[in-house]
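Encoded as structure tokens, the structure appears first; notes follow it.
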Amino acid sequence: MSKKLIYLPIIVLIAILVLITSGCKVGKNKELNLYTSRAILTKETKTCIECHTKKQPSLIKSWQKSAHAESGVGCYECHGANESDPDAFEHFGFTVAVIVSPNDCSRCHSTEAAQFLASHHAKAGEVLGSLDNYLGEVVEGISASVSGCQQCHGSKVEVDEKGHLKAETWPNFGIGRINPDGSSGACSACHSRHDFTLAQARSPETCGKCHMGPDHPQKEVFEESKHGIAYRTHIEEMNLDSPTWVVGRDYSAAPTCATCHAGATENQSRTHDPGTRLSWNIRAPISFKTENSKQKRLAMKDVCLTCHNPNYVDNFYKQYDSGVELYNEKFAKPAKLIMDRLKKAGKVDPTPFNEKIEWTYFELWHHEGRRARNGLAMLGPDYTQWHGFYDIAEKFYIELVKEAEELLPGVTKDILARTEHKWLEGKMTAEERKKVIDYYSKRYGDKGED
Ligand code: HEC
Ligand code: HEC
Ligand code: HEC
Ligand code: HEC
Ligand code: HEC
Ligand code: HEC
Ligand code: HEC
Ligand code: HEC
């Protein structure tokens, strides 16, 4: 007993000494302990962190939580640059660049980068040089384009003499941004810095920054759909931060945008090209089938079939096709024909957007027409009907046709004589109504295609 008591003060003394010395260490290296304990960081990155922790503690904390930090991928591994890079600059003894382009990410993620670069997403910056951009840059004004169009589509980032990015072109996280190194796109459009969480990339909110509004309301359509409702109800079961995310295995309660357009199933891997599952292009003035549309449709159906029965899915696609064809044949093609005739007759001049009827036609396909088609594609009945076909009908019959007739009397006569437009002439008998309905089901109904 007493022998043990003799050792006690010694043990206590040693314990105190250990505590004091380790305490000193903690105190001295407090900032270094902010970053991960598991991974080995390069000495360059350690230097960046030491200084930037004082400047932007939140930025460091965000990175610190990331899979990158855990794997030892730090500031220098992403921002380190070659002197020959157009946007490289000297920075406290290092050569760095602000932009981390798809080329930079591709050093470690070549599959994702290759798929992304092949997608329409990577080309979204090209619209900025097109005629469409006339509206944003000329009719409205360049600041509207810089903080509007270009924040979704991407700017062409320019560098000043000192290697700094010009304010007219950056900050910009548009999906098709044209980078100083010549590459296209911004991975950070979906992968937010600096935590780069998968949960965020898989959330509909991420896509909704761009895929929303009067001309492409995919986010709003999704929210009103049964899929969106199920997603909100079961968000805790969605397993959004799981390393693997195969529908039917890792989660099953609901699909998000990423599930249908990019996610993996047991039969196919995930993709960074959302175009590989689309059978129609429904944003064009007149919808058209994409290349290899059958194969692309099968890829999308494969996703649906993890939750639904084949008949159900086939019937859905029949409803979708028939709605798209109704839009094309009844409204979009005739509207374009009317516009072409007016232009040929010199009643509409070549300058875009300087005549009322040009705005009417633009809204018919670009706003109402897309709303209806997105409602059809993604189960939003209110977008199909009241924000869609209702507005299309009003634009077509009450605005476009009337404005065209004022400019060139008789220009719509043969079009309005078609069965589907006959109602406009006046009252219909019950028999005539039935004839029109039969005509619709023959023309737009089940054609036996898949
Ligand atoms: C001695 C402190 C210090 C060190 C070391 C340091 N930085 Fe910085 N960094 C700053 C300060 C201050 C700014 C803001 C002023 C500026 O742009 O120079 C900044 C800005 C930046 C910017 C934004 C520049 C811009 O134009 O918007 C990036 C990117 C950056 N640092 C990355 C790094 C990386 C990567 C490292 C390590 C290789 C690093 N920094 C090391 C202090 C430091
Ligand atoms: C996985 C790659 C990656 C890592 C690691 C990384 N960054 Fe970044 N960083 C980015 C991306 C992407 C951007 C956005 C720039 C762009 O548009 O490409 C960015 C932007 C920045 C900016 C400018 C934007 C702003 O909000 O001010 C600073 C400063 C910066 N990073 C500092 C750091 C520091 C310091 C570290 C280390 C803790 C770090 N980064 C680690 C990818 C990375
Ligand atoms: C130096 C190599 C390197 C670079 C450069 C790099 N990454 Fe990573 N990245 C990794 C490693 C390692 C992991 C963790 C292991 C894994 O998931 O593959 C990772 C993981 C990820 C993840 C998954 C995150 C998670 O929570 O599981 C995403 C998303 C990601 N990186 C995106 C990017 C983007 C976008 C860029 C460019 C802005 C980039 N990475 C640049 C190496 C890199
Ligand atoms: C809120 C983000 C956002 C803004 C702002 C925006 N767009 Fe878009 N734009 C998109 C999205 C998303 C699509 C794809 C729509 C779809 O597929 O339904 C698109 C499609 C397009 C297309 C069709 C591309 C194709 O392949 O058919 C053009 C052209 C276009 N936009 C030009 C512009 C111009 C010019 C402006 C500014 C006047 C602009 N956009 C403003 C998000 C935006
Ligand atoms: C349109 C949005 C979007 C863009 C742009 C995008 N990603 Fe992704 N990314 C996603 C989504 C969504 C996932 C998750 C897919 C899943 O798990 O089903 C993902 C997953 C990843 C992963 C998977 C990590 C892992 O360990 O599973 C990496 C790495 C990655 N992206 C890198 C990139 C790179 C590099 C770029 C740019 C070349 C890029 N992404 C551009 C949406 C995007
Ligand atoms: C920063 C803006 C932005 C974000 C974020 C974004 N997109 Fe897009 N998306 C666009 C633009 C712009 C286009 C039209 C590109 C073009 O054709 O010029 C587009 C096109 C598409 C297309 C049509 C592709 C094709 O080949 O026809 C699909 C599908 C799509 N996006 C799905 C998604 C999904 C799913 C997400 C989220 C995981 C997402 N997008 C995130 C801007 C964005
Ligand atoms: C249940 C699956 C599903 C979900 C969830 C879903 N989509 Fe879709 N999406 C589709 C289908 C099906 C189509 C039409 C495909 C075709 O034409 O073959 C489509 C079409 C599209 C298009 C094509 C428009 C064009 O111009 O051709 C875009 C863009 C798009 N979706 C974006 C989104 C976004 C953003 C979200 C989330 C807010 C989303 N989708 C949610 C299944 C889905
Ligand atoms: C992860 C599972 C999942 C996937 C994948 C999925 N759905 Fe659904 N779907 C649901 C759930 C859950 C409901 C709601 C069922 C209910 O209300 O009874 C639903 C409802 C529907 C409805 C009924 C809509 C309504 O307003 O009642 C249709 C049609 C539909 N889905 C078609 C599709 C199509 C087409 C695809 C593929 C493009 C698809 N689904 C992919 C889970 C899924």
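Structural remarks
- Index of the failed condition, E205 passing every other in (1) within 16 Å of ligand 2 (Cβ to nearest atom); (2) under 30 Å from D132 (Cβ atoms): (1)
- Scanning the range 91-122 for residues that are of a type in the set (G, A, S) and not in a loop (DSSP other than H, G, I, E, B), we see that the one that is surrounded by the fewest Cβ atoms within 10 Å (Cβ to Cβ) is S110.
- Selection count where residues are of a type in the set (D, E, K, R) and within 20 Å of R370 (Cα to Cα), scope the range 292-312: 1
- Note on the range 124-148: among residues that are within 29 Å of D273 (Cα to Cα), without any contact (Cβ under 8 Å) to a residue 60 or more places away in the chain and not in a helix (DSSP H, G or I), the one that is nearest to ligand 5 (Cβ to nearest atom) is G148.
- Residue list for the range 232-241, filter: within 14 Å of ligand 8 (Cβ to nearest atom) and either surrounded by fewer than 19 Cβ atoms within 10 Å (Cβ to Cβ) or touching a residue at least 60 places away in the same chain (Cβ under 8 Å) (or both): R232, T233, H234, I235, E237, N239
- T259 in a helix (DSSP H, G or I), surrounded by 15 or more Cβ atoms within 10 Å (Cβ to Cβ) and within 16 Å of ligand 6 (Cβ to nearest atom): yes
- Only a single item in (1) modelled with pLDDT of 95 or more; (2) more than 16 Å from ligand 1 (Cβ to nearest atom) is not met by N172, and it is number (2).
The values are calculated or read from the model by the stated rules, or taken from the named source; none is laboratory data. Here the structure is a predicted model, which means the values were calculated and not measured. Positions of Cβ are backbone-derived with ideal geometry, glycine not excepted, and every protein chain shown enters the neighbour counts.
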